[in-house]
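**Q** One structure follows; several queries about it will come next.
The values are calculated or read from the model by the stated rules, or taken from the named source; none is laboratory data. Just so it is clear, the structure is predicted and the values come from calculations on it, not from any experiment. Using ideal geometry, Cβ is built from the backbone for each residue, glycine included, and neighbour counts are taken over all protein chains shown. SASA here: full protein model, heavy atoms, side chains in, ligands and nucleic acids out. Shrake-Rupley method; radii C 1.70, N 1.55, O 1.52, S 1.80 Å.
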Amino acid sequence: MHDFGYRGARFGCEGVAVETLARRFGTPLYVYSRHTLEHHFTRLRAALAPLDPLICYALKANSNLAVLRTFAELGAGFDLVSEGELRRVRAAGGEAGRCVFAGVGKTEAEMRFALRQGIYCFNVESEPELERLARVAADLGTVAPVAVRVNPNVDAHTHAKITTGTYANKFGIPFEAVPAVYARAARSKHLRWRGLQMHIGSQLTTAAPFAAAVRKVAPLARALAERYGIEFLSIGGGIGIVYQPALASGSARWWRSAASRGVLTPARYAEALVPLLKPLGLRVLLEPGRFLVGNAGILVTRVEYVKRAGRKTFVIVDAAMNDLIRPAFYDAYHEIVPLRKASARRVRCDVVGPICESGDYFCQGRLLPEVRQGDYLALLSAGAYGAVMGSNYNSRPLAAEVLVAGRQAALVRVRQPLARVWAGERLASWQRGAAR
Ligand code: LLP
């Protein structure tokens, strides 16, 4: 579901015409809809109401402070992977006590910071990490709340780069090894087992792999609860969204049509998982990222040139792979629409950015409405893993971000000033003109 669409000939976000935002704030520009964010969160929470889960938003998907505040106000917890992310959550007004800390490479400094902040749990991914955590907790004279991330060796049937729950991946502790890890660490005075966690992959479009993983892990969770008193099972994130094609908005109709097309809706997800999880009697945690923010954001860009070369047409825009890397990195599909419905003529074209790489494209050989220099385009469903994966490649500044709520629009990230792109760089002491 999303709150973007044409009102007459103009593409809008909630009550705002997106072109006015593009003119006011410039492009490339990310635009987020508060209503879409809230709607996805409340829809998921309602579907899973029988479990009363703690929904820990995986902020790696979109960590803008205004987005985090939106979820904090809805009562979300957070799934984070670095000290920086924990500091962001705190800066946005989120509670440390509702945060879980994931990731295979937590440093000592990160552990110390998170322990001092009082996070809910560390999701530990190896025995060396567990040993380090016990040591850091001992130094601080405290007890670290921990869960193992179990690798259930279940194929999520998604893109290879975002599959995480098989033994070919670096994540988690192999299923068979988990009981011995709990037994060993239970002897430590500085660790307290709090839960069990898993995350099998991202952009899953059916419930079957989730159900297979939960079926496999539930008996283990039950045994660990009996033996060590763990209180939660986290089933991770991974709920996929619709990228292609963008559906008409309007919530009830949207979910009905999505369900009839076999989309993994919250209702379907709940239908598959609630019967497996409810009997466990454990607190259930979820770590959705993409599902909450993916459809809630678009990337707006301006057409700089239309270049015809032989039989090809290249629409060259001012956004590039440094702004949205998903097409280049995962061959991901993002729907592309003009902000003004003008021409009925369609042209087969590649939409490309200005970066000096052949991989710098947003689509190839796609039939799109004919556009001209100066027109604006929107790349849809860019709210997850969009702005956060931005870089300064080709010395391009990070894009600006706007949050819309009804008829209001707020700039929630200023476009990075160009001089900031190299602000941390210095000449070497032996170079002419270097500060001494
Ligand atoms: N929990 C853990 C431990 C994770 O590693 C992730 C995502 C999530 C939760 C949230 O997963 P989600 O609900 O968003 O699927 N950049 C890629 C996606 C990378 C996902 C990384 N981990 C993309 O653009 O598709």
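**Q** Across the stretch 115-244, what fraction of all alpha-carbon pairs, as a whole percent, falls in each successive 5 Å bin from zero upward?
**A** Reading upward from the zero bin: 2, 11, 21, 21, 17, 13, 8, 4, 2, 0, 0.
**Q** Sticking with this one: Scale the Cα Rg of the stretch 1-121 by the rule-of-thumb value 2.2 N^0.38 Å and send over the ratio, two decimals.
**A** 1.26
**Q** Okay, next question. Treating the Cα atoms of the stretch 34-292 as identical point scatterers in vacuum, please give the log10 of the normalised Debye intensity I(q)/I(0) at q = 0.11, 0.14 Å⁻¹, two decimals.
**A** Summing over Cα pairs of the stretch 34-292 leads to -0.57, -0.93.
**Q** Of Ala410, Ala22, Ala66, which is farthest along the charge dipole of the chain in the positive direction, counting Lys and Arg as +1 and Asp and Glu as -1 at C-beta?
**A** With unit charges placed on the Cβ atoms, the residue in question is Ala22.
**Q** Any idea what log10 I(q)/I(0) is at q = 0.14, 0.17 Å⁻¹ for the stretch 243-354, Debye with uniform C-alpha scatterers and no solvent?
**A** Computed log10 I(q)/I(0) values: -0.81, -1.03.
**Q** Compute the acute angle (0 to 90°) between the alpha-carbon long axis of helix 34-47 and the principal axis of greatest extent of the alpha-carbon atoms of the chain; round to the nearest 10°.
**A** Value to nearest ten degrees: 40.
**Q** What ranking, highest mean first, results for peptides 203-209, 313-319 when packing means the other Cβ atoms within 10 Å averaged over each residue?
**A** Per-residue mean Cβ counts within 10 Å order the peptides as 313-319, 203-209.
**Q** Which percent, nearest 5, of DSSP beta bridges in the stretch 136-286 are antiparallel?
**A** 5
**Q** Rounded to two decimals, what ratio of Rg to Rh does the chain give with C-alpha atoms and a Kirkwood Rh?
**A** 1.00
**Q** What spacing in nm lies between the two simple spin-label points modelled at Thr20 and Gln416, each 7 Å away from Cα in the Cβ direction?
**A** Result: 3.0 nm between the two label points.
**Q** Next question, about the same structure. Roughly how big is the stretch 282-436's charge dipole about its Cα centre, with Cβ charges of +1 (Lys, Arg) and -1 (Asp, Glu), in debye to the nearest 20? Kindly include the intermediate steps, with their values, before the conclusion.
**A** Numbers: 23 positive and 13 negative charges, 70 e Å.
The dipole of the stretch 282-436 has a size of about 340 debye.
**Q** In whole Å, what is the distance between the alpha-carbon centres of the stretch 312-365 and the stretch 194-214?
**A** Comparing the Cα centres of the stretch 312-365 and the stretch 194-214, I get a distance of 32 Å.
**Q** Here's a follow-up. Taking a virtual spin label 7 Å from the Cα of Ala208 along the C-beta vector, which residues in the stretch 137-176 bring their backbone nitrogen under 11 Å of it?
**A** 157
**Q** Which angle between 0 and 90 degrees, to the nearest 10, do you get for helix 127-139 versus the longest principal axis of the chain when only C-alpha atoms count?
**A** Taking Cα atoms only, the helix is inclined about 70 degrees.
**Q** I want to check the label-to-label distance for Phe329 and Val388. Put each point 7 Å from Cα in the C-beta direction and report it in nm to one decimal.
**A** Calculated label separation equals 1.0 nm.
**Q** If you line up the long axis of helix 251-260 against the longest principal axis of the chain, both from Cα atoms, how many degrees apart are they, to the nearest 10?
**A** The angle comes out near 70 degrees.
**Q** Please give the Cα centre distance for the stretch 384-436 versus the stretch 119-157, rounded to the nearest Å.
**A** Centre-to-centre (Cα) distance: 34 Å.
**Q** Take the eigenvalues of the Cα gyration tensor for the stretch 68-176, scale each by 5, and report the square roots as semi-axes in whole Å, largest first.
**A** On the way: eigenvalues 119, 80, 22 Å².
Result for the stretch 68-176: semi-axes of 24, 20, 10 Å.
**Q** So, with a 1.4 angstrom probe, what is the percent of accessible area on the stretch 85-173 that is carbon and sulfur?
**A** Using a 1.4 Å probe with all protein chains present, the stretch 85-173 comes out at 46 percent carbon and sulfur.
**Q** Please figure out what share of the DSSP beta bridges in the chain is antiparallel and state it in percent, rounded to the nearest 5. Let's see the in-between values first.
**A** Numbers: 36 of 72 bridges.
Bridges in the chain that DSSP calls antiparallel: roughly 50 percent.
**Q** Treating only the Cβ of Lys, Arg, Asp and Glu as charged (+1, +1, -1, -1), what charge dipole size does the stretch 150-197 show about its Cα centre? Round to the nearest 20 debye.
**A** My answer is approximately 400 debye.
**Q** Given the options Leu130, Trp254, Val274, identify the residue whose Cα lies farthest towards the positive end of the charge dipole of the chain (+1 on Cβ of Lys, Arg; -1 on Cβ of Asp, Glu).
**A** Final value for the positive-end residue is Trp254.
**Q** Turning to a different aspect of this structure: Work out the P(r) tail for the stretch 296-417: percent of alpha carbon pairs separated by more than 21 Å, whole number.
**A** Working: 2704 of 7381 pairs.
So the pairs more than 21 Å apart make up 37 percent of the total in the stretch 296-417.
**Q** Please report the antiparallel percentage of DSSP beta bridges with both residues in the stretch 296-417, rounded to the nearest 5. Before the final figure, lay out each step's value.
**A** Details: 24 of 27 bridges.
So the antiparallel bridges in the stretch 296-417 amount to around 90 percent.
**Q** Using a 1.4 angstrom probe on heavy atoms only, work out the carbon and sulfur share of the accessible area of the stretch 392-436 in %.
**A** After summing per-atom areas, the C and S share lands at 53 percent.
**Q** Starting from the Cα-Cα distance between Glu226 and Arg184, subtract it from 0.36 nm times their residue separation and give me the gain in nm to one decimal. All intermediate terms of the calculation are to be shown ahead of the outcome.
**A** Working: separation 42, 0.36 × 42 = 15.12 nm, distance 1.62 nm.
The span from Glu226 to Arg184 would gain 13.5 nm if fully extended.
**Q** Suppose all protein chains stay in the model; what accessible area per residue would a 1.4 Å probe give for the stretch 296-417, in Å²?
**A** So the stretch 296-417 comes to 46 Å² accessible per residue, rounded to a whole number.
**Q** Now a separate question. What ranking do 73-81, 409-417 get when scored by the average of other Cβ atoms within 10 Å per residue, highest first?
**A** Result, highest mean first: 73-81, 409-417.
**Q** Given a Förster distance of 45 angstrom, what is the FRET efficiency for Ala91 paired with Arg346, based on the Cβ-Cβ distance and rounded to 0.05?
**A** Details: r = 45 Å, r/R0 = 1.01.
Efficiency, rounded to the nearest 0.05: 0.50.
**Q** Rolling a 1.4 Å sphere over the protein heavy atoms, what is the accessible area per residue of the stretch 34-292, to the nearest Å²?
**A** Normalised by residue count, the accessible surface of the stretch 34-292 is 40 Å².
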